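Below: the structure, in structure tokens.
Here, each number is a calculation from the coordinates, and none is a lab measurement. Quantities reported herein were computed from a predicted structural model and do not represent experimental measurements. Positions of Cβ are backbone-derived with ideal geometry, glycine not excepted, and every protein chain shown enters the neighbour counts.
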Amino acid sequence: MIKKCLFPAAGYGTRFLPATKSMPKEMMPIVNKPLIEFGVDEALEAGMTGMCIVTGRGKHSLMDHFDINYELEHQISGTAKEEKLKDIRSIMDNARFTFIRQREMKGLGHAILTGKELIGDEPFAVILADDMCVKDGEEDGVLKQMVALYKQFRCSIVAVEEVPDEETHKYGIIKGEMIKDDIYRVDDMVEKPEPGTAPSNMAIIGRYILTPDIFDILKDTPPGKGGEIQITDALLQQAKTGCVLAYKFKGKRFDCGSVPGYIEATNFVYENMYQE
């Protein structure tokens, strides 16, 4: 039903300078696996095979990572080291990658609008790779959980989690009525509210399922917080004229756009998922 996942990956990653001066933040490794590869794994698990990546200047390594490196593969062919390419080869065999360049950094909403040429007129998912999500026990991945909800409700869905009140100014925050366990119908949505003004403590994280009419809404969305085109503003308009759901997902999320979150994710993966 949903076959394409959009990865906005054109940002500068300034919180990780100087590392991101020459390396995309999406390529920063969690142990030995780039952040974006965790996101692609999650999309594949959810049944998506079209990986649509919005890139920017200096992001060529994203394309190279999901391509064959003939020299490297020739050098390690037939050795024990070849086993280390097993996962990325499986991804390349099962997913199709397309790329488009965002020439100006005008916000997440603008990045998603830039991806329209890759998506077309169909519902799609969005993953922000620096929000790394891992399963909680035997549960499905976050995006697979959201796809199941989309099959039932057929509308845009955002993933949310509770955050401390003192951190609400860092996120898009929703207000809504719970219609089922962990599912809210969105009434209001504010991008990075001023401290003490947030309508709730339910923060949007980097997982979305969007219906294709969001592109027309984004075209008419004026710049908002920070002078950028905010997906939050477009989703609020969609909620007013139709329906947007917020889903309090099952799983664990790491904010790998921050140094503490990145370190926490690295330690978690090393302790729980890494195999030498």
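What is the antiparallel percent of DSSP beta bridges lying wholly in the chain, to the nearest 5?
Working: 28 of 46 bridges.
For the chain, the DSSP antiparallel bridge percentage is about 60.
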Q. How far, in nm, would the chain grow between residue 32 and residue 188 when pulled straight, counting 0.36 nm per residue and subtracting the alpha carbon separation?
A. 52.2 nm
Q: Please name whichever of 236, 111, 168 sits farthest to the positive end of the charge dipole of segment 4-272, dipole taken about the Cα centre and charges placed at Cβ: Lys and Arg +1, Asp and Glu -1.
A: 111
Q) Using Cα atoms only, what is the angle between the long axis of helix 142-153 and the major principal axis of the chain, expressed in degrees (0 to 90) to the nearest 10? A) 40 degrees
Q) Using Cα-only point scatterers and the Debye equation, what is log10 of I(q)/I(0) for the chain at each q in 0.07, 0.13, 0.14, 0.15 Å⁻¹, rounded to two decimals? A) -0.24, -0.87, -1.02, -1.18
Q) For the Cα atoms of the chain, what angle does the longest principal axis make with the long axis of helix 35-45, in degrees from 0 to 90, nearest 10? A) 80 degrees
**Q.** Residues in segment 136-165 that a label on residue 272 would reach, taking backbone N under 17 Å of a point 7 Å out along Cα→Cβ
**A.** 136-145, 161-162
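Is the shape of segment 81-132 rounded, prolate or oblate, going by the alpha carbon gyration tensor and its root eigenvalues a ≥ b ≥ c, with a/c under 1.5 for rounded and a/b larger than b/c for prolate?
Details: a/c = 2.52, a/b = 1.94, b/c = 1.30.
Judged from the Cα gyration tensor, segment 81-132 comes out prolate (a/c at least 1.5, a/b above b/c).
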Q: Work out how much length residue 154 to residue 136 would gain on full extension: take 0.36 nm times their residue separation and subtract the Cα-Cα distance, in nm to one decimal.
A: 3.9 nm
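Find the eigenvalues of the gyration tensor of the Cα atoms of segment 205-247, then list the square roots of 5 times those eigenvalues as equivalent ellipsoid semi-axes, largest first, in whole angstrom. If you can, show how the numbers build up before the last one.
Details: eigenvalues 56, 33, 18 Å².
So the three semi-axes of segment 205-247 are 17, 13, 9 Å.
Take the Cα pairs of segment 199-276, get the Kirkwood Rh, then feed it into Stokes-Einstein at 10 °C and 1.306 mPa s and tell me D in µm²/s.
Working: Rh = 15.4 Å.
Using the Kirkwood radius from Cα pairs, D works out to 103 µm²/s.
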Q | Over segment 113-214, relative contact order from alpha-carbon pairs under 8 Å, at least 6 apart, % | A | 38 percent
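If you put +1 on each Lys and Arg Cβ and -1 on each Asp and Glu Cβ, how big is the dipole of segment 188-237 around its Cα centre, in Debye rounded to 20?
Around 180 debye, computed over segment 188-237.
With all pairs of different alpha carbon atoms counted, what Kirkwood hydrodynamic radius in Å does segment 32-96 show? Working shown, then result.
Numbers: mean 1/r = 0.0768 Å⁻¹.
The answer is 13.0 Å.
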**Q.** Per-selection metrics, segment 1-114 (Cα): Rg and Dmax in Å
**A.** 14.9, 47
**Q.** Sorted by Cβ density within 10 Å, fewest first, the residues 65, 169
**A.** 169, 65
